[in-house]
Amino acid sequence: MRGSACDLPDERSGSWSVRVRRPSFTGLGSWKPRAVSRCEGPLNQHRLNLREAIAVSAAGGSVPVTDEERWPASRSLAHPHAHVQQNGSRDSDGLHRGLGRPGGYRRPMERERTGAIRAVLIDIDGVLTVSWEPLPGAVEAMERLRAAGLPLALVTNTTSRTRASICSRLVEAGFPVTVDDILTAPAVTAVYLREHHPDARCLLLNAGDINDDLTGVTLVEQEDDADPLTETDVDVVVVGGAGDEFGYEALNRLFHHLQRGAHLVAMHRNLYWRTADGLDLDTGAFLLGLERAARVEASITGKPSEAFFAAALAHLGADASATLMVGDDIESDVLAAQRSGITGALVKTGKYLPETHRSAEGTPDHVLDSFAALPDLLERLASGSR
């Protein structure tokens, strides 16, 4: 897969099929995948496109599958042998309508976090890469997960790039991924806006061009020298990732619109993120000020929203009880996933700080030195040990 292209079969064609033989399992350290007889479509099977996934999450978070398609209750981590056929039309962005309100996902029942994991959610920045450079052992660990046939999704609050651009950078770095593996906060935000604010005039403040992932959203272009007290009103203020664009004039313009009744939607509320130069401020540091000054509360569409995790689960056709989330943010990635019934694994890379770990309001199910240690953890869980 190294160096392969990100192109996928045209999802608008209305059909695709996948046939995969189950690989033999002798421990994750020695996967021996058998030949794939036929594979047309995304690398992961048993999953919905993002819009279909969000529709399922809005309906309660469960994914309808036939008995033939259910994963067996074996201890193996391998993806089951499958013959999946799907037919139907999709919108041009490949997303299905139906996102429920943020936080509206029905929380699964509490359960003991042991047993085999059959799907994995993976944060990107700080887990797989830092400043888009792969972390030691990350590519090899991803290749082991692929060889195991384990369904996975890359779930990220990255707002500086489109899904296609993220895929391209990861493939260049050697990761075996496709566009359909990637779920971003901007893509989910677009679905949310189309569902809850159809035809709304949206003012976006974001560092990076993500317009291609905001299909169906009416973005208002406003002049830099416009008078914030007299310029055309907007219906929704949308806050993405922080950067140089988050200056006084830009933030003050959002503040004026919020005072006039605009809704506030934020893709995430991360306080900071890790770059090659250290920790940098992120959206949450500015969002807190806007909320307090305007006396409003933002609707959060990305992590740690339960709706985001529900969409990711439905995207894979996975149960929370058999899914693991690995991230470097103890609050937004790990504990948020655990509140949704997902097993959490915190990595000591990226934005990880020992003091943040110690002061957190919860305890991660697992703590790893890095993503490179994930395959061994999955092997232990499959064998019934911690």
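Using modelled backbone amide H atoms (1.01 Å from N, in-plane), which distant-in-sequence or interchain residues come within less than 5 Å of GLY344's amide H?
Counting only residues 5 or more places away or on other chains, the set is MET325, ASP365, HIS366.
Computed over the Cα atoms, what is the radius of gyration of region 160-259 divided by 2.2 N^0.38 Å, N being its residue count? Provide the component values of the computation, followed by the final result.
Details: Rg = 15.4 Å, N = 100, 2.2 N^0.38 = 12.7 Å.
My calculation over the Cα atoms of region 160-259 gives 1.22.
What order do you get for 265-275, 190-200, 359-369 when each peptide is scored by the mean count of other beta carbon atoms within 10 Å, highest first? Mind showing how you got there, number by number?
Values: 265-275: 23.1, 190-200: 19.9, 359-369: 14.6.
Ranked from most to least packed, the peptides come out as 265-275, 190-200, 359-369.
Work out how much length TRP132 to ARG358 would gain on full extension: take 0.36 nm times their residue separation and subtract the Cα-Cα distance, in nm to one decimal. Show your work: numbers first, answer last.
On the way: separation 226, 0.36 × 226 = 81.36 nm, distance 2.79 nm.
This chain segment gains 78.6 nm when fully extended.
From the C-alpha coordinates alone, can you work out the Kirkwood hydrodynamic radius of region 153-214, in Å?
Working: mean 1/r = 0.0805 Å⁻¹.
Value: 12.4 Å, from the Cα pair sum.
Determine the shape class of region 321-386: with a ≥ b ≥ c the square roots of the Cα gyration tensor eigenvalues, call it rounded for a/c under 1.5, and otherwise prolate if a/b is greater than b/c, oblate otherwise. Before the final figure, lay out each step's value.
On the way: a/c = 2.07, a/b = 1.36, b/c = 1.52.
Oblate is the answer for region 321-386, as a/c is 1.5 or above yet b/c matches or exceeds a/b.
Which whole number of Å³ per residue matches the convex hull of the alpha-carbon atoms in region 229-386? Display every interim value, and only then the final one.
Working: hull volume 21.5 nm³, N = 158.
Cα convex hull per residue, to the nearest whole number: 136 Å³.
Report the calculated FRET efficiency for GLN222 and ALA285 (r = Cβ-Cβ distance, R0 = 41 Å), to the nearest 0.05. Before the final figure, lay out each step's value.
Details: r = 23 Å, r/R0 = 0.57.
Efficiency computed from Cβ-Cβ geometry: 0.95.
Taking Cα atoms of region 173-317, Rg/Rh with Kirkwood Rh, to two decimals?
Numbers: Rg = 15.7 Å, Rh = 16.1 Å.
On the Cα set of region 173-317, Rg over Rh gives 0.98.
Under 5 Å between amide H atoms, partner at least 5 residues away or on a different chain: which partners does VAL130 have, H built in plane at 1.01 Å?
It is LEU135, by chain and number.
For PHE309, PHE255, write out the residues from largest to smallest accessible area, computed with a 1.4 angstrom probe and no ligands counted. All intermediate terms of the calculation are to be shown ahead of the outcome.
Working: PHE309 0, PHE255 50 Å².
Listed by decreasing accessible area, they come as PHE255, PHE309.
Using only Cα atoms, figure out Rg for region 232-318 and give it as a multiple of 2.2 N^0.38 Å.
Working: Rg = 14.6 Å, N = 87, 2.2 N^0.38 = 12.0 Å.
This ratio for region 232-318 stands at 1.22.
The values are calculated or read from the model by the stated rules, or taken from the named source; none is laboratory data. It should be emphasised that the depicted structure is a prediction, and the values quoted were computed from it without experimental measurement. Every residue, glycine as well, gets a Cβ built from its backbone with ideal geometry; the counts of neighbours run over all protein chains shown. Quick note on the areas: whole protein, heavy atoms, side chains included, nothing else; ligands and nucleic acids left out. Shrake-Rupley method; radii C 1.70, N 1.55, O 1.52, S 1.80 Å.
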